[in-house]
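Worksheet for the structure shown next.
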Amino acid sequence: MRHFLDLASCSSDELHELIESALRLKAEWRAGGNAPILRGTTLGMIFQKPSLRTRVSFEMAMKHLGGDAIMLGPQEIGLGVRESVPDVARVLSSYVQGIMARVFAHQDVLDLADYSRVPVINGLSDDYHPCQALADILTIRERFGRLGGLKLAFVGDGNNVAASVALACAHFGISFCIATPEGYEMKAPIREQAIGISKRNGTVVEMGTRPQAAVADADVIYTDTWVSMGQEAEAAERAGEFEAFQVNADLLRRANPAAIVMHCLPAHRGDEITDEVMDGAQSRIFEQAENRMHAQKAILARLLT
Ligand code: CP
Ligand code: NVA
């Protein structure tokens, strides 16, 4: 594993190892602090879109492991505008030991990886959010003590987060069932990737348009914003299309009574999820956010040491 760009290009074994490593690094941090295994190592962080969790959790992960991070916001380098993506990759990778990038077009993160001399991590693209999904698997594993045989229901948009969660479920033996409005399904090539991996691991990927059917017997209910970054002009239209896809107390009652609720954040309370559910006893949403830092330490340790 040279880069961490999408979960389709990782093996299930590599991802299992990352989860075991994340558990160890989290325990080590809680017991007093991590060993400085990334001393002398700097991560360059390129952001074409805003971020709270990804930015701060990567920076803190680097600091905890004895390294450093440099934030490069949209105004600073003008990725692909002021300078071509390959040239940014060539120059930046001559200064830093790793690059994390949050971009619009997924091709930009692929191009960064192609022209970089150092490992590149996808911190979210329009197609995927693999760091999020790895942290989500860590959260599910901590809650249930196992992964294989569980069922996750994703309710809402077939977006970047849905794509990476679907792939993660396929790798870890979790059945994945998504309910989206018509026209907002996961992209066909990504769906095929998830189905291919799920078959190897003896699980299923199901798609439908009825949230009530998707959540039946689910151990995890997952949702995300109806309007991803870059889709702001579609907000009014999407609000109408997604109205019946809210994760609320009524929907939660239809799942397994021990089910947990997940959301990658930021949440639009009152739209895709109610306050009652988000702040309720079954929510694991804020553990999920914390686990971004622990899961990313495992990625950094794997790629940068
Ligand atoms: N979940 C997530 O990636 O959050 P940010 O957009 O704040 O980084
Ligand atoms: N789907 C959302 C996730 C934000 C972390 C977006 O792309 O904006």
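Some observations on this one:
- Axis angle, to the nearest 10 degrees, between helix 188-200 and the longest C-alpha principal axis of the chain: 80 degrees.
- Total formal charge among the other residues, if their Cβ is under 15 angstrom from that of residue 67, Lys/Arg +1 and Asp/Glu -1: +2
- Dipole of the chain, positive direction: furthest Cα of 278, 261, 11, with charges on the beta-carbon: 11
- About its Cα centre, the dipole of segment 131-192 is roughly 280 debye, where the only charges are +1 on Lys and Arg Cβ and -1 on Asp and Glu Cβ.
- Residues in segment 261-269 carry Karplus couplings, in order, of 10, 10, 7, 6, 6, x, 9, 10, 4 Hz; the curve used is 6.51 cos²θ - 1.76 cosθ + 1.60 with θ = phi - 60°, and Gly or Pro positions show x.
- Net charge, residue 113 excluded, C-beta distance under 11 Å - Lys, Arg +1, Asp, Glu -1: -2
- Segment 157-274 - percent relative contact order, Cα under 8 Å, separation 6 or more: 27 percent
- Principal-axis tilt of helix 53-64 within the chain, Cα atoms, nearest 10 degrees: 50 degrees
- Between the alpha-carbon centres of segment 177-240 and segment 96-153 there is a gap of 17 Å.
- Around the Cα centre of the chain, unit charges on the Cβ atoms of Lys, Arg, Asp and Glu (plus for the first two, minus for the last two) sum to a dipole of about 1140 debye.
- With 31 Å as the limit, the listed pairs 63/151; 63/187; 26/187; 49/199; 26/49 have 63/151; 63/187; 26/187; 49/199 beyond it between alpha carbons.
- Cβ charges +1 (Lys, Arg) and -1 (Asp, Glu), total dipole of segment 1-84, debye: 320 debye
- Within segment 55-124, chymotrypsin sites (Phe, Trp or Tyr not before Pro) in DSSP loop having at most 13 other beta-carbon neighbours inside 10 Å: 95
- Around residue 151: net Lys/Arg minus Asp/Glu count, Cβ-Cβ under 10 Å: -3
- Comparing 244, 226, 214 along the charge dipole axis of segment 201-264, the residue lying farthest to the positive side is 214, per the Cβ-charge model.
- Axis of helix 160-172 versus longest Cα principal axis of the chain: the two differ by about 90°, to the nearest ten degrees.
Throughout, read-outs are computed from the coordinates displayed, never taken from laboratory work. Every value quoted in this text rests on a predicted model; they were computed, and no experiment measured them. No Cβ is skipped: glycine too gets one built from the backbone with ideal geometry, and neighbour counts run over all protein chains shown.
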